[in-house]
Amino acid sequence: MLSRSATGQNRAAGGAAVSIRNLCKRYNNFEAVVPTSVEIDSGDFFAIIGPSGSGKSTLLGMIAGYIDPTEGQIMVDGRDIVPEPIYRRNIGMVFQNYALFPHLSVAQNVAYPLKIRGVAKDEIARRVRESLAMVRLEAFASRKPSELSGGQQQRIALARASIYHPSILLMDEPLGALDKNLRDEMQEEIKRFQQELGATVIYVTHDQQEAAFLADRIAIMRDGAMTQIGSPRALYEQPNSRFVAEFLGEASIFPVKSASGKQAGQPCQIVLEDGTQAIIRTDEDAGPGRFACIRPERVTVGPKARGLDNTYTGIVRESLYTPGSIRYRIELNGTGSTLKVRVLPQGDTEVFETGSAVDIGWSTDDMTILRE
Ligand code: ADP
């Protein structure tokens, strides 16, 4: 649906709400995507991350229409699109390999989706100008794709995918082929672009930082299932499993041997497999088979650690000063277990060298209990 904004430009009236219901894909007896249900709000930036082979592309392919689901529905603004062919779905797609037509100019590439929809010539010319302006490549209209950098080609792919104002944009590793600096720059570009377009974006990446930067919500896939869905912050601070904690951000994770004195909301004592004792607060079962997790920035190093609920001595095994943060690997109490630590230096923060003996500690609320 199009609306004419105050500036006279056509814009997508907004994104579509996507409701995925028991969507599943089986190849013979193998479930590439197990029955999956998720609600994605209109205009949301929804990222899907997970290791290779976890089902990300299969899920995206079913939404796009080039993979037939074994079962389930994909409701877009209340209408099931599964029976609809690709070209009727009003979904824009951007992939890692830009898939631009090499023999066509930039303008002809961007115009292509409108041309095959039979849009009038002058309308096409106007919309191509508008789309190229959105990705800031107006000056490149007559070039061939081979005369552009990787980042510029990907911006053309964005312009082409959005020129017919799709209410949903699917992106599969769109920055996968770009180097680190360009990726960072393009992340900003994609965010700005989505906000301007208003489309609902479903974005597949294996890069957790990219997902955390871009997305309102992230789904983490494992063995064909969305194992946890939440805001980047919720996934980082309240991972529901060891898998999620390790996949999103850094963590030190230790197997738990036993727990005692556990009462809802009250601190309890746990003993780790290496013999370390800690007082924590958790609503989870903290017994054997579970894991204790602490994020690197939750560990306090130096004299301030002494006043905390859990204090230990440690030996710095690695010390790395980088602009903006100090990173340590610290051996705990001579147990052989090591903790990852990250300190944001203030003006007077002491930097401990490798081999130093240090106090380390954390509070009851800093350690969380995870299942496998
Ligand atoms: P990801 O995008 O997360 O890397 P995919 O969605 O591509 O994962 O694949 C999920 C699983 O489904 C993988 O184990 C893959 O080997 C399997 N798979 C994908 N396509 C087919 C197919 N056409 N036939 C059989 N198995 C497939």
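Starting from 0.36 nm per residue, how many nanometres of slack lie between S325 and A120 once their C-alpha separation is accounted for?
68.2 nm
What whole-number distance in Å separates the alpha-carbon centres of region 89-120 and region 56-82?
What the calculation gives is 22 Å, centre to centre.
With an 8 Å Cα cut-off and a minimum separation of 6 or more residues, compute the relative contact order for the chain in percent.
Computed over the chain, the figure is 15 percent.
Simple spin-label model, 7 Å along Cα-to-Cβ: D77 to S146 in nm?
Output for this residue pair reads 4.1 nm.
Explain nothing, just the number: relative contact order of region 281-372, from Cα pairs under 8 Å at least 6 residues apart, as a whole percent.
45 percent
Would you mind giving the three semi-axes, in whole Å and largest first, of the ellipsoid equivalent to the chain according to its Cα gyration tensor?
Working: eigenvalues 443, 126, 54 Å².
That gives 47, 25, 16 Å for the three semi-axes.
Quick check on the chain: of the DSSP beta bridges with both residues there, what percent are antiparallel, nearest 5%?
Once the DSSP bridges in the chain are tallied, antiparallel ones form about 75 percent.
Roughly how many Å² is the accessible area per residue of the chain, as a whole number, for a 1.4 Å probe?
47 Å²
Could you tell me what percent of the accessible area of region 18-237 is made up of carbon and sulfur, with a 1.4 Å probe and every protein chain present?
On region 18-237, the fraction of accessible area on carbon and sulfur atoms equals 48 percent.
Cut-off under 17 Å on the C-alpha distance; same-chain residues fewer than 8 positions from K115 excluded. Which aspartates and glutamates are left, in chain and number order?
Counting by Cα, and skipping residues close in sequence, K115 has these aspartates and glutamates nearby: E123, E130.
So what is the 222 nm mean residue ellipticity for the chain from helices alone, if each DSSP H run of at least 4 adds -39500 (n - 2.57) and you divide by all residues, rounding to the nearest 500 deg cm²/dmol?
On the way: 8 runs with 84 residues, N = 372.
Taken over the chain, the calculation gives -6500 deg cm²/dmol.
Give me a comma-separated list of calculated 3J(HN,Hα) values for region 57-73, in order, Karplus coefficients 6.51, -1.76, 1.60 applied at θ = phi - 60°, integers in Hz, x for any Gly or Pro.
5, 5, 4, 5, x, 5, 5, 5, x, 9, 10, 7, x, 6, 8, x, 10
Provide the three semi-axes, in whole Å and in decreasing order, of the ellipsoid equivalent to region 253-370 as defined by the square roots of 5 times the Cα gyration tensor eigenvalues.
So the equivalent ellipsoid measures 26, 14, 12 Å along its semi-axes.
Taking just the alpha-carbon atoms of region 18-237, what radius of gyration and Dmax come out, in angstrom?
For region 18-237, the Cα radius of gyration and maximum Cα-Cα distance read 17.3, 52 Å.
Work out, step by step, the length gained on full extension between R21 and V271: first 0.36 nm times the residue separation, then minus their alpha carbon distance; give nm to one decimal.
This chain segment gains 85.8 nm when fully extended.
For T313 and E372, what is the calculated FRET efficiency with R₀ set at 41 Å and r taken between the beta-carbons, to the nearest 0.05?
Values: r = 30 Å, r/R0 = 0.74.
Between T313 and E372 the formula returns 0.85.
Give, in nm to one decimal, the length gained when the segment between R306 and D365 is fully stretched (0.36 nm per residue of separation minus the Cα-Cα distance). Walk me through the intermediate numbers first.
Details: separation 59, 0.36 × 59 = 21.24 nm, distance 1.63 nm.
So the extension gain works out to 19.6 nm.
At what distance in nm do the modelled label points of L104 and K180 sit from each other, each positioned 7 Å from its Cα along Cα→Cβ?
Label at L104, label at K180, 3.6 nm between them.
For R136 and Q238, FRET efficiency with R0 = 35 Å and r from the beta-carbon atoms, rounded to 0.05?
Using R0 = 35 Å, I get an efficiency of 0.35.
With charges set only on the Cβ (+1 for Lys and Arg, -1 for Asp and Glu), what does the dipole of the chain come to about its Cα centre, in debye to the nearest 20? Intermediate results must be reported in sequence, preceding the final value.
Working: 42 positive and 45 negative charges, 237 e Å.
It comes to approximately 1140 debye.
Could you tell me the relative contact order of region 165-217? Use alpha-carbon pairs under 8 Å, at least six residues apart, and round to a whole percent.
Relative contact order for region 165-217 comes out at 53 percent.
Taking the mean number of other Cβ atoms within 10 Å as a proxy for protection, how do you rank 264-277, 141-154 from highest to lowest?
Details: 264-277: 14.4, 141-154: 16.4.
Ranking, from highest mean packing down: 141-154, 264-277.
Ignoring ligands, DNA and RNA, what percent of the 1.4 Å accessible area of region 253-370 is carbon and sulfur?
Exposed carbon and sulfur together represent 46 percent of the surface.
The values are calculated or read from the model by the stated rules, or taken from the named source; none is laboratory data. Note that the structure is a prediction, hence the values are computed from the model and not measured. Counting neighbours? That spans all protein chains shown, and the Cβs are built from the backbone with ideal geometry, glycine included. For the accessible areas, the whole protein counts, side chains as well, though only heavy atoms, and no ligand, DNA or RNA atoms are used. Shrake-Rupley method; radii C 1.70, N 1.55, O 1.52, S 1.80 Å.
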